[in-house]
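The values are calculated or read from the model by the stated rules, or taken from the named source; none is laboratory data. On a predicted model such as this, the values are computed, not experimentally measured, just so you know. Cβ sites come from the backbone with ideal geometry, for glycine too, and all protein chains shown count toward neighbours. When the accessible area is computed, the model is the full protein with side chains, heavy atoms only, and any ligands, DNA or RNA have been set aside. Shrake-Rupley method; radii C 1.70, N 1.55, O 1.52, S 1.80 Å.
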Amino acid sequence: MLELAILGFLAEGPLPGHELRRRVSQLTGYTRPVSDGSLYPAINRLTRAGLIERRADPAAGAARYVLSLTAAGRADMLQRLRKPADHEITDFTRFYIVLTFLSHLPDVAEQHAVLRKRLEFLEEPASFFYDNERPLRAEEIADPYRRGMLLTARATSRAERTWLRETLGEEPPVFDTTCTDSDPYAPAAPAS
């Protein structure tokens, strides 16, 4: 995902290396700090692959350079956005990097296809904790911290699903308002 962040920021215009580092750190640093030991090797890989160009910036001083996206880099970035890997859809931080640059895809239908994959993932029953293969709900967990994890995940999942449906122009399914088993974090529906 570091490479996508680099390509995405450079798609917005050329940047000096230190500014690119700042932007990538601001985007991902709250969950996954970006070290020079990972950023600069990624820049070097992308440069060797012909996806970005590095040119000296004499106005900025010795050893300073400006990075820019090549045509091949733009094509690579667009392909990464069109067809994110499964783990880029299911991992919260990785998906948010995809989402950050999704507007670079020129076709709204392609953008929506990515959002639908995320929505499908969020609508699958899931939990951090299981009883055999059955996902446990927050109300079934005695430990207050584990319950807190599930309650937070439930709220986040609902908010994200609401936003995704609004963006896609879809109506929420009936189960969202009734809290049935289709909501992986919802309390069990009352028995009739």
**OP:** Scan the range 138-153 for residues that are open to solvent by less than 50 Å² (accessible area, probe 1.4 Å) and either over 23 Å from residue 173 (Cβ atoms) or out of contact with any Ser or Thr (no Cβ under 7 Å at 6 or more places or on another chain) (or both) and jot them down.
**Re:** 138, 141, 148, 153
Original post:
Right, residue 84: open to solvent by 40 Å² or more (accessible area, probe 1.4 Å), of a type outside the set (D, E, K, R) and not in a helix (DSSP H, G or I) or not?
Top reply: no
Original post:
Does residue 19 meet the test of being open to solvent by 60 Å² or more (accessible area, probe 1.4 Å) and acidic (Asp, Glu)?
Top reply: no
Original post:
Only one residue in 48, 94, 64 is more than 14 Å from residue 8 (Cβ to Cβ) and in contact with an Asp or Glu (Cβ under 6 Å, 6 or more places away or on another chain), so which one is that?
Top reply: 64
Subject >> Close pairs (7 angstrom Cβ cut-off, 6 or more residues apart or separate chains): of a type in the set (S, T, N, Q) in the range 120-131, assigned to a loop (DSSP other than H, G, I, E, B) anywhere >> reply: 127/136; 127/184
Original post:
Just a yes or no: is a residue in the range 92-113 in contact with a Pro (Cβ under 6 Å, 6 or more places away or on another chain) and either loosely packed, with under 15 Cβ neighbours inside 10 Å or among the basic types (Lys, Arg) (or both)?
Top reply: no
Original post:
Across the range 159-177, what is the number of residues that are modelled with pLDDT of 95 or more, in contact with a helix residue (DSSP H, G or I) (Cβ under 8 Å, 6 or more places away or on another chain) and of a type outside the set (S, T, N, Q)?
Top reply: 5
Original post:
Could you say whether any residue in the range 98-106 is at negative phi, in a helix (DSSP H, G or I) and over 15 Å from the mean Cα position of the chain (by Cα)?
Top reply: no
**OP:** Could you run through the range 114-140 and say how many residues are part of a loop (DSSP other than H, G, I, E, B) and either among the basic types (Lys, Arg) or modelled with pLDDT of 95 or more (or both)?
**Re:** 1
Original post:
Within the range 33-81, which residues are assigned to a loop (DSSP other than H, G, I, E, B), modelled with pLDDT under 95 and surrounded by 15 or more Cβ atoms within 10 Å (Cβ to Cβ)?
Top reply: 34, 57
